[in-house]
Amino acid sequence: MRLLYARIGAMLLLTFCMQACQEVETSQAPPQSLNMVQAFPDLFPDVQMAGIFPDSKTFADCTPTQDPKVINEAYAKQKDQPDFGLQEFIAAYFELPPQISSGFQADTSRSVSAHINTLWPVLTRASDNTSNTSLLPLPYPYIVPGGRFREIYYWDSYFTMLGLQVSDDATGKIRPMIQNFAHLIETVGYVPNGNRTYFVGRSQPPFFSLMVRLLAEVEGNKVLAEFLPAMEKEYQFWMMGQDQLSGEKPAIKRVVKIGETGVMNRYWDNRPVPRPESYKEDVELAEKTGREPEKLYRDLRAACESGWDFSSRWLRDPQDLGTIHTTEILPVDLNALLYHLELTLSESFEINGNAEKRVYYERKAADRKAAIQQIFWDQDMGMFLDYDWIAEERLNRPSLATAFPLYFKIATVGQAEATAQKVEELFLQPGGVLTTAVETGQQWDAPNGWAPLQWMTIAGLRNYDQNLLSDKIKQRWIALNRKVYKGTGKLVEKYNVTDIQLEAGGGEYPLQDGFGWTNGVLLRLVSE
């Protein structure tokens, strides 16, 4: 077994070397932050493969209590001794990460709104001044989701902000989080999945422009001009490589050439290696499938950038995670989000008096809207579907991503009516709407429902006066959230919307409570 761990460690180092030769990173972690894999090239894979912690994220979040060089030397000397204990070694040289909200006691006699407002301070973190950890320090206070999620997460935060907007001191709570994301865009080059070194290499669904507009609703449109540089830099990240696309090279990072002149986006990750926070799971999956490891790791990581990790959306065989091919898929929701970013950039440049750039982004948005209509709309299915750009065909994998073109008013009235019918037919359940209609054991599939997708669907349907269905979803989701809260004192990450007597499940970790985006969406809905 020790030879296996050594082999894995060597493979990891080789992969990092290959990556360094083949790719130029767009960013790097601040010098005071710690990359655990690089700092502990032998110890890290040994700990993860041994399963010392039930959750692989735990060791990735640990803090070394001595200089890594000292720890590495001690490990090299001690690891082959007969009485060596790996768990005891970790306890001697590392501090475990804190448990977020573990000491919080809910009072279920309070309303759910009062509970959420009481929980915000528990989930709030002050500006960071830490070093020698995997945390990317942020200059302003921020709200974490809760549970195992001890850091800020990109797309989670928009849905958290929906609740903060109807809380006391909306500006004081929302603005610092947006400033943190602008700081990450400036220093890292984009908003990482979360503020950890092991998330550098990928982003998440680009909701920054929606966050800025949310703040503009509170402070006025001057906010658009204030955060314009950050929004444009994020756009450049997502569009990186578009000028180098050709028939011989139709895809570069997150951009894919469609037709003669069109460019659409996919999810990607700059690092084709096992995820440190799910290291053992990734390595074992690679060994089981026999696939080229780098391609598998890239597809897994790209799915993490989507936020839907994991879902039948990304799988050739819905029951087999090893068939994941995320990088070969153009997602409808990602391209709808980038359409919004292009529109927001156009409006922001108009406020700044830059007519040339206003027109440039206005045309980009118009081109993308036309492409979304052409590529993703499936007349026979009556809904928007993802597109396999390798096979050049839409994928028959219905999901709530179909609501995004409604949310951003890209759909025609007829398309919205057809989509509403499909949402009711395929996804509506006693507790809200399903993520997909397929049961796979993955958490972004049936029977689970997630707060962000409830919101996008409800708001999208409202845009086209599909109020009967949107109200039905809203009422069922609120009722389920309240039921679980009254029974357990908790608001959780996801819910079983099919059998409302059961908890949600699936995925790589247990059900988490806290929970940022559930709190935000629920508070926003009950405040209406």
Exercise for review: Could you sort 199-208, 463-472 so that the peptide with the highest average Cβ count within 10 Å comes first and the rest follow in order?
Suggested key: 199-208, 463-472
**Study point:** Distance (nanometres) between label positions extended 7 Å along Cα→Cβ at E424 and L468
**Key:** 0.5 nm
Point to revise | Sequence ranges 503-509, 179-185, 303-309, ranked by mean other-Cβ count within 10 angstrom, highest first | key: 303-309, 179-185, 503-509
**Study point:** By average C-beta atoms within 10 angstrom, highest first, the peptides 417-428, 279-290
**Key:** 417-428, 279-290
Study note, to complete from the structure: Length gained, K409-A50, 0.36 nm per residue minus C-alpha separation, equals 124.3 nm
Study note, to complete from the structure: On the formula 1/(1 + (r/R0)^6), with r taken between the Cβ atoms of E73 and L96 and R0 of 25 Å, the FRET efficiency rounded to 0.05 is 0.65
Check your understanding: Can you give the calculated 222 nm mean residue ellipticity of the chain, where each DSSP H run of n ≥ 4 adds -39,500 (n - 2.57) and the sum is split over every residue, rounded to the nearest 500 deg cm²/dmol?
Key -> -15000 deg cm²/dmol
Check your understanding: Within the set K369/K409; K233/K253; K257/K295, which residue pairs have Cα atoms separated by over 18 Å?
Key -> K257/K295
Practice item. Determine ³J(HN,Hα), in whole Hz, for all residues of the range 383-399 in sequence, where each value follows from phi through the Karplus function 6.51 cos²θ - 1.76 cosθ + 1.60 and θ = phi - 60°; x replaces Gly and Pro. Key: 6, 8, 10, 5, 10, 8, 6, 6, 7, 6, 8, 6, 9, 7, 9, x, 8
Study note, to complete from the structure: Residue ranges of DSSP H helices in the chain that stretch 18 Å or more (Cα, own long axis) and have mean Kyte-Doolittle hydropathy of at least 0.0 are 2-22, 170-188, 332-351
Check your understanding: Under a straight-distance cross-link criterion of Cα-Cα below 26 Å, which lysines are reachable from K79, leaving out those fewer than 8 residues away in the same chain?
Key -> K57, K69, K280
Review point. Out of [x] 72, 64, 47; [y] 119, 88, 39; [z] 68, 62, 41, which label holds the value of Cα extents along the principal axes in Å that was computed here?
Key: [x]
Exercise for review: Assuming R0 = 30 Å, can you tell me the calculated FRET efficiency for the pair Q87 and T118, based on Cβ-Cβ distance, to the nearest 0.05?
Suggested key: 0.20
**Study point:** Accessible-area composition of the range 334-442, carbon plus sulfur, in percent [1.4 Å probe]
**Key:** 44 percent
Check your understanding: For the range 459-528 and the range 157-190, what is the separation of their Cα centres, given in Å?
Key -> 22 Å
Check your understanding: Label D80 and Q501 with points 7 Å out from Cα along Cα→Cβ: what is the distance between them in nm?
Key -> 5.9 nm
Check your understanding: Computed FRET efficiency, Cβ-Cβ of S109 and Q379, R0 60 Å: what is it to the nearest 0.05?
Key -> 0.70
Check your understanding: So which aspartates and glutamates can K474 reach, going by Cα to Cα under 15 Å and dropping same-chain residues fewer than 8 places off?
Key -> E424, D465, E528
**Study point:** Estimated distance in nm for a label pair at K249 and T171, the labels positioned 7 Å out from Cα along Cα-to-Cβ
**Key:** 4.7 nm
**Study point:** Normalised contact order of the range 162-317, rounded percent, pairs of Cα under 8 Å and 6 or more residues apart
**Key:** 19 percent
Check your understanding: Counting only heavy atoms of protein chains, what accessible area per residue, in Å², does the chain have with a probe of 1.4 Å?
Key -> 39 Å²
Review point. Under a straight-distance cross-link criterion of Cα-Cα below 17 Å, which aspartates and glutamates are reachable from K494, leaving out those fewer than 8 residues away in the same chain?
Key: D156, D309, E439, D445, E503, E508, D513
Exercise for review: Run the accessible area of the range 170-304 with a 1.4 Å probe and give the carbon-and-sulfur part as a rounded percent.
Suggested key: 50 percent
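The values are calculated or read from the model by the stated rules, or taken from the named source; none is laboratory data. As the structure is a prediction and not an experimental result, all values here were calculated from the model. When we count neighbours, we look across all protein chains shown, and the Cβ atoms used for this are built from the backbone with ideal geometry, even at glycine. With ligands, DNA and RNA removed, areas are computed over all heavy atoms of the protein, side chains included. Shrake-Rupley method; radii C 1.70, N 1.55, O 1.52, S 1.80 Å.
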